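S.K.: This is the structure I have questions about; it appears just below.
The values are calculated or read from the model by the stated rules, or taken from the named source; none is laboratory data. Everything quoted here is computed from the prediction, not taken from an experiment. Glycine gets a Cβ as well: all are built from the backbone with ideal geometry, and neighbour counts include every protein chain shown.
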Amino acid sequence: MANTIYWGQAAVENTNGFGKSATNNTIDFGEVCANSLSPETNLTGTGATPSFENTKSILLDGVDDFVNVGSSSLGITSAISLSAWVKIPTSNTGGGGTNIQIIVCEDTTSGGQRNWGLSWRGTGSNYFSFSIWHTNLTNTSINSTGITPNDGQWHHLLGTFDGSTGTNGMKFYIDGVLNGQKTATSTGINSFSSSQPTIGAITNGTARILEGNIDEVAVWNTDESANASAIGGTIPTDLSAYNPISWWRCGDGDTAPTLTDNGSGGNDGTMTNFTTFSTDVPT
């Protein structure tokens, strides 16, 4: 019986036998057995996409702070969805006059220049409101129930409209839960071209200025009611998978005074009369 061990040379042939004694075994060390190694070539790739983070919002003073977006309407004429996070302090009672403060809108409050909006109404009412003006200038609105808007807590609002007079084609979700629904009085949406989108005030920022925080504002030209629980819920989420035409993150990824439009519309916003971001965000 002979066993030979060589060092420094690869073994070319090794025979293993089972069931009987091996008579000739050659064991070689020092080289990989007739194999060549090459580095793994698929390890470079691209880095993983950073996870979604929400670390900033805008804080409006209720006096003259607002965000102006572009110079014309987004041109939505059929279905629409409006989404925003808002925090209204308990000290804010809604202001004077009609006690209405705007969250986001295309609205001058004048005749045929009213398109759509999310707002809240204070003293004597205290509700969130989702409103649209139709192509015949009639209005359909849903006012929230069972919630106190100025409770100093973050709330998510999502208003959706399918563009028709179908039964309950207009819906209003608060914190991801259906709060109210209604059948629209008419079809379509008014789209007065000079009523540009505005965050925190009516178009041109002349009235109904909000006091409080606003975050993650988005607009669709589609009915997003099927995605209400995913878009809303208890904390902000990455909306890119839902393809909004405009999405203003209100600080994250922004450089003041510009609020970048992360949607498909390219409609950047401009912070007016304020330049700093708040770190108070929905959690």
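S.K.: Please note which strands (runs of 3 or more DSSP E) are completely contained in region 182-283 and include at least 3 residues that are of a type outside the set (Val, Ile, Thr) and surrounded by 15 or more Cβ atoms within 10 Å (Cβ to Cβ).
M.R.: 211-220, 246-248
S.K.: With the requirement that a residue be in a loop (DSSP other than H, G, I, E, B), of a type in the set (Val, Ile, Thr) and in contact with a strand residue (DSSP E or B) (Cβ under 9 Å, 6 or more places away or on another chain), what does region 58-83 give you?
M.R.: Scanning region 58-83 gives 63, 76.
S.K.: Only one of these is buried (at least 19 other Cβ atoms within 10 Å of the Cβ), part of a loop (DSSP other than H, G, I, E, B) and either at pLDDT below 90 or not small (Gly, Ala, Ser) (or both): 35, 42, 14, 54. Name it.
M.R.: Only one candidate passes the filter, namely 54.
S.K.: Among (1) farther than 26 Å from residue 213 by Cα; (2) in contact with a Lys or Arg (Cβ under 8 Å, 6 or more places away or on another chain), which single condition is residue 160 missing?
M.R.: So residue 160 meets the others, but not (1).
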